[in-house]
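Inspection log for the structure reproduced underneath, given as structure tokens.
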């Protein structure tokens, strides 16, 4: 096998990917006018965070804290993964509620353009 | 003398009566309210007799096998303990407070009894009696107090009770105003009293009477100076409470209250508190001769001044009110010439005959349906025979005709004044002149009310006086006749003075010249009889005479009937400037400009910044998100960038606090 594939992918690449995905999410949220697209951008940001969670969890799986430099597997090492599940659950709940709101808004206003949904403005 | 006398019961019984009637009276039947109020005052009187008589009566010292103590102090516990200041809840029973207590609870009980008949038809019967008991509570605290501060508590308390009772008919605007006036004017006096207390504290380090007396006794050479200032402040307090010049103006208006209240509070007891206070702390005044002469001059001036006003008043209660001010002036005169026991003697007899006069006037007013104008009375002698006889006793007593009570006490004061040098003789002459006026206006009242023919419809219709009103009248009439005999002599304070001597010091009158004393007495009696004769001439023989005299001297008559323009004077010099300052300086400048401006500024800043910041809340979702993202980015920059080294590149060195 070529050296390129025999080497494990460096962790920084995962983080870089996570940062790119998060930035895409932010930009999408800021520039898109369609409510559903914005919603998808939020999901993108959440999953970017999830990716960085699992990356760090992998990096520190043998060590609980940076300063300890320990090598034995620690029971705390799965914290990152557990957090990911939390985020997924919240995202699922959010999707359910958020989509329901979007449907309600569409029924009421017949539009999904956020610029026109500004009833709370003074 | 060991053991308790249960002095605390004396104020506590009326206080219990106040609580029961005040809290529950509305729901209690009238007979129960009456019983509670009467038993509370009668119980207090009984405790005074129980506590006081065995201790101080001459026969009892032999009976008990020991000499009568000079004073009995009962301490119930500490009140204030601040640094070197110690104030206890302590009561003092000595000859002086015993005499006062006998008057307050004894006459107080009689007036309670009288009120049962007088107030029976009134709304708020229970309220009236709860206030009356509250008054007894505070008055006994005032008299029993063993230190100045506790006395001040009673002093303020009787002022409160007085205010409540003057304004008893609270639906009547004039009564409400009179209550306020009494309260505010007394406030001025209380201010003086309070400053006096502070001065006492600063110079003696204690507020207990016995310790102040002891410190003064230890420094016999300490005269004048700060003691005069202290005494003058206390005199200001006394003039407020005892309605002397210059703070007399509240008492005539206080007649808006029910008549028994005028008898109890504004004639017999509360208004004598100023005299009592001076007598109680007389040792201080003995070390401040200037303050003492001020007291004498105030007393003589007030006595004369009030008597002239009483000459032309037509409201029966107002005549008595000015007469009270005048008689209180006599007591001040007595204090001022250091004849404290003569002053207390007059206080006692005055309590008898003035309470009697007020209650008789109340009986007259009650029986003819609330009419107080003497010009509309007349000929009531046959319709109210008992009241007529009692009133006659009171009138003769106050006019100073022997052997009625007022003669003895007024004479003792006049004699004491006469022996005080040239100034004393001038004061004596003013007192004598006042005695003439007193005899005149009292017999004027007597003739106008009871003799002659009825001068209006109301004087024809009358209804019977209940026995509960007549019994106190008769008892007080007997006391007005016999009350002066306690001195046991025709002139001077006699045995009464030697009884009070342990508390008030030996009187100068005892060692006096008895022939001079007798001469002065005869002069006083002749003067009183002249007063009577003039009244007889004016109101019996030639009823048109007063009107002719008034027409002949229109200026003088107007001056007197307008009460020397006292109210107008205070209105122009005190009330109006005060109102102007309140309206313009305090109201417009301080309140509206400064405080209002500050409030407006604060509100304006909030409104203005709100108007600016609300632009931020665009309602545009994406702008919110952008601000959120920008904020997160700024935080990120703040955390990630090594600011210390970046700034160091620009020559700026941040130092951490504490390093």
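Taken together, the values in this text are just the output of simple stated rules run on the coordinates, not laboratory data. Keep in mind that this is a model prediction, so the values were computed, not measured. As a convention, Cβ positions derive from the backbone with ideal geometry for all residues, glycine included, and neighbour counts pool all protein chains shown.
Evaluate E = 1/(1 + (r/R0)^6) for residue B:618 and residue B:39, where r is the Cβ-Cβ distance and R0 equals 45 Å; express this FRET efficiency to the nearest 0.05.
Working: r = 79 Å, r/R0 = 1.77.
So, using R0 = 45 Å, E works out to roughly 0.05.
Compute the distance in nm between two label points, each set 7 Å from the Cα along the Cα-to-Cβ direction, one at residue B:226 and one at residue B:573.
The modelled label-to-label distance comes out at 3.1 nm.
Using the alpha-carbon atoms, what tilt in degrees (0 to 90, nearest 10) does helix B:316-336 show relative to the longest principal axis of chain B?
The angle comes out at about 90 degrees.
Treating only the Cα positions of region B:553-600 as identical point scatterers, give the base-10 log of I(q)/I(0) from the Debye formula at each q in 0.15, 0.21 Å⁻¹.
Each listed q maps to, in turn, -0.55, -0.72.
Could you give the Stokes-Einstein D for region B:154-215 in µm² per second, using the C-alpha Kirkwood radius, 10 °C, 1.306 mPa s?
Working: Rh = 13.4 Å.
Value of D from the Cα-based Kirkwood radius: 118 µm²/s.
From largest to smallest, what semi-axes in whole angstrom does region B:461-577 give when each is the square root of 5 times an eigenvalue of its alpha carbon gyration tensor? Let's see the in-between values first.
Details: eigenvalues 269, 129, 100 Å².
Calculated on Cα positions only, the semi-axes equal 37, 25, 22 Å.
If packing is taken as the average number of other Cβ atoms within 10 Å across a peptide's residues, how do B:127-133, B:627-633 rank, most packed first?
B:127-133, B:627-633
Kindly identify region B:185-238 as rounded, prolate or oblate by the Cα gyration tensor criterion: order the square roots of the eigenvalues as a ≥ b ≥ c, call it rounded if a/c is under 1.5, otherwise compare a/b with b/c, prolate if a/b is larger, else oblate. Intermediate values should be presented prior to the final figure.
Values: a/c = 2.64, a/b = 1.85, b/c = 1.42.
Taking the square roots of the gyration eigenvalues as a ≥ b ≥ c, region B:185-238 is prolate.
Applying 1/(1 + (r/R0)^6) with R0 = 30 Å to the Cβ-Cβ distance of residue B:606 and residue B:635, what FRET efficiency is obtained, to the nearest 0.05?
Values: r = 28 Å, r/R0 = 0.95.
The pair residue B:606/residue B:635 has a calculated efficiency of 0.60.
Points 7 angstrom from Cα along the Cβ direction at residue B:482 and residue A:49: gap in nanometres?
The two pseudo-label positions are separated by 10.2 nm.
Counting alpha carbon pairs within less than 8 Å and at least 6 residues apart, what relative contact order, in whole percent, applies to chain B? Walk me through the numbers on the way to the answer.
Numbers: 1038 pairs, mean separation 73.3, N = 659.
Relative contact order for chain B comes out at 11 percent.
For region B:246-355, taking Cα atoms only, what is the radius of gyration to one decimal and the Dmax to the nearest whole Å?
13.6, 43
What is the angle, in °, between the Cα long axis of helix B:95-118 and the longest principal axis of the Cα atoms in chain B? Nearest 10 is fine, range 0 to 90.
Approximately 90 degrees, to the nearest ten.
Give the average over all directions of the projected area of the C-alpha convex hull of region B:141-300, one decimal, in nm². Don't skip to the answer; put the middle values down first.
Details: hull surface 34.2 nm².
Directional mean of the projected Cα hull area for region B:141-300 stands at 8.6 nm².
Would you mind checking the radius of gyration and Dmax of region B:512-644 based on alpha-carbon positions, in Å?
42.0, 117
Would you mind getting the Kirkwood hydrodynamic radius of region B:90-145 from its Cα pairs, rounded to one decimal in Å? It would help to have the intermediate numbers written out before the result.
Values: mean 1/r = 0.0820 Å⁻¹.
One decimal place: 12.2 Å for the Kirkwood radius.
Using 0.36 nm times the number of residues separating residue B:583 and residue B:519, minus their current alpha carbon distance, what extension gain do you get? Mind showing how you got there, number by number?
Numbers: separation 64, 0.36 × 64 = 23.04 nm, distance 5.89 nm.
Taking 0.36 nm per residue and subtracting the Cα distance, the gain is 17.1 nm.
Once you sort the root eigenvalues of the Cα gyration tensor of region B:577-632 as a ≥ b ≥ c, which label holds: rounded (a/c under 1.5), prolate (a/b larger than b/c) or oblate (the other case)?
Numbers: a/c = 9.85, a/b = 5.60, b/c = 1.76.
Prolate is the answer for region B:577-632, as a/c is 1.5 or above and a/b outweighs b/c.
Separation between the residue B:425 and residue A:59 pseudo-spin-labels, each 7 Å from Cα along Cα→Cβ, expressed in nm?
11.8
For a paramagnetic label modelled at 7 Å from the Cα of residue B:290 toward its Cβ, which residues of region B:226-256 fall within the zone defined by backbone nitrogen distances under 20 Å?
B:226-239, B:246, by backbone N distance to the label point.
Relative contact order for region B:148-211: what percent, with Cα pairs under 8 Å and sequence separation of 6 or more? If you can, show how the numbers build up before the last one.
Numbers: 34 pairs, mean separation 20.9, N = 64.
Over region B:148-211, the number comes to 33 percent.
For a distance above 17 Å, tell me the whole-number percent of Cα pairs in region B:210-301 that qualify.
Values: 2232 of 4186 pairs.
For region B:210-301, the fraction of Cα-Cα distances above 17 Å is 53 percent.
Sorted from fewest to most neighbouring beta carbons within 10 Å, what does the list B:387, A:111 look like?
Details: B:387 26, A:111 14.
Ordered from fewest to most neighbouring Cβ atoms within 10 Å, B:387, A:111 come out as A:111, B:387.
Could you state the angle between the C-alpha long axis of helix B:596-613 and the longest principal axis of the C-alpha atoms of chain B, as a value from 0 to 90 degrees rounded to the nearest 10?
For helix B:596-613, the angle is close to 20 degrees.
Just want to confirm a number: the relative contact order over region B:299-351, from Cα pairs under 8 angstrom separated by 6+ residues, in percent. Before the final figure, lay out the partial values.
Working: 52 pairs, mean separation 19.6, N = 53.
Answer for region B:299-351 is 37 percent.
Please work out the FRET efficiency for the pair residue B:8 and residue B:453, using the Cβ-Cβ distance as r and a Förster radius of 51 Å; give the result to the nearest 0.05. Walk me through the numbers before you get to the answer.
On the way: r = 55 Å, r/R0 = 1.09.
Efficiency for this residue pair is about 0.40.
Which of A:97, B:87, B:386, B:185 comes first, and how do the rest follow, when ranked by fewest Cβ neighbours within 10 Å? Mind dumping the intermediate values first?
Values: A:97 10, B:87 19, B:386 16, B:185 24.
Neighbour counts put them in this order, fewest first: A:97, B:386, B:87, B:185.
Could you put B:354, B:181, B:376, B:540 in order, starting from the residue whose Cβ has the fewest other Cβ atoms within 10 Å?
Details: B:354 29, B:181 20, B:376 16, B:540 13.
Neighbour counts put them in this order, fewest first: B:540, B:376, B:181, B:354.
Ignoring everything except DSSP H segments at least 4 long, calculate the 222 nm mean residue ellipticity for the protein assembly as shown; use -39,500 (n - 2.57) per segment, divide by total residues, nearest 500. It would help to have the intermediate numbers written out before the result.
Details: 33 runs with 525 residues, N = 781.
Computed ellipticity for the protein assembly as shown at 222 nm equals -22500 deg cm²/dmol.
Between region B:260-294 and region B:341-390, what's the alpha-carbon centroid distance in Å?
Using only Cα atoms, the two centres lie 25 Å from each other.
Rounded, prolate or oblate: which fits region B:340-410 when a ≥ b ≥ c are the square roots of the eigenvalues of the alpha-carbon gyration tensor, with rounded for a/c under 1.5 and prolate only if a/b beats b/c? List each step's numbers first, then the result.
Values: a/c = 3.02, a/b = 2.20, b/c = 1.37.
Prolate, because a/c is 1.5 or more and a/b exceeds b/c.
Please report, largest first and rounded to whole Å, the three semi-axes of the ellipsoid equivalent to region B:375-491, where each semi-axis is the square root of five times an eigenvalue of the C-alpha gyration tensor. It would help to have the intermediate numbers written out before the result.
Values: eigenvalues 220, 67, 12 Å².
Semi-axes (√(5λ), whole Å): 33, 18, 8.
On the first, second and third principal axes, largest extent first, how far apart are the outermost C-alpha atoms of the protein assembly as shown in Å?
149, 65, 57
If you take the alpha carbon radius of gyration of chain B and divide it by 2.2 N^0.38 Å, what ratio comes out, to two decimals? All intermediate terms of the calculation are to be shown ahead of the outcome.
On the way: Rg = 31.8 Å, N = 659, 2.2 N^0.38 = 25.9 Å.
Taking the Cα Rg and dividing by 2.2 N^0.38 Å, one obtains 1.23.
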